[in-house]
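These notes are about the structure you will find just below.
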Amino acid sequence: MRTFETFFLALNRWLLISILGVMSVIIFTNVGLRYLTNESIQWAEEVARHLMIWLTFIGCGPVLRYGGHIAIENLQDALPQVWARALRLLIVVLMMGLFGFFIYFGWDYMDRTQYQLTPATQISFAFIYLALPLGMAMSLAHCVLIMRDYVLERRFASDTHFDATASASL
């Protein structure tokens, strides 16, 4: 399972790096061309916007994994440990339900928009909206992978990463 987790996290990171890199090159090139030649790439803004959508949904899982989403933890801190764990378990179950909801309805939305084409690139909107069910499926996988440590100890992957980095530098 640890091998799968390592591969999955590396794949997710490289997808994010690639999307951000391509988006940056497109935007930089378009701005440069606009200022140097008074011409711009017609499809650049559309493609950059669609890549930003993909970046958002593909990046949701790693942010969850490292505890980067907004959380209100005062109630957990005020509760006894048993009740705090039960609350965290409820939170995980609700998140998984939300991810399942987004996967189902994202797939349905993809199906409904498959014949609509984007204005500049003329590709199906279904490819753009695929980011929602795919990103939520990846977030669900990340949630399952960190669930045990989160529920039992309210520990995220960043805690172990930070500890390894801190001990290596000492």
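For this structure, a couple of remarks:
- Some residue of region 18-26 being closer than 26 Å to Q122 by Cα, hydroxyl-bearing (S, T, Y) and part of a helix (DSSP H, G or I): yes
- Boolean, L152 is farther than 14 Å from G67 by Cα, in a helix (DSSP H, G or I) and at pLDDT below 95: yes
- Scoring E46 on the criteria (1) touching a Pro at 6+ places or on another chain (Cβ under 9 Å); (2) in contact (Cβ under 8 Å) with a residue 40 or more places away in the chain; (3) closer than 20 Å to A137 by Cα leaves a single failure, condition (3).
- Looking only at residues of region 49-69 that are small (G, A, S) and part of a helix (DSSP H, G or I), we find that the one that is farthest from the chain's Cα centre (by Cα) is G61.
- Test result for I72, surrounded by 14 or more Cβ atoms within 10 Å (Cβ to Cβ), aliphatic (A, V, I, L, M), outside any helix (DSSP H, G or I) and at negative phi: no
The values are calculated or read from the model by the stated rules, or taken from the named source; none is laboratory data. Here the structure is a predicted model, which means the values were calculated and not measured. Glycine also receives a Cβ, built like all others from the backbone with ideal geometry; neighbour counts cover every protein chain displayed.
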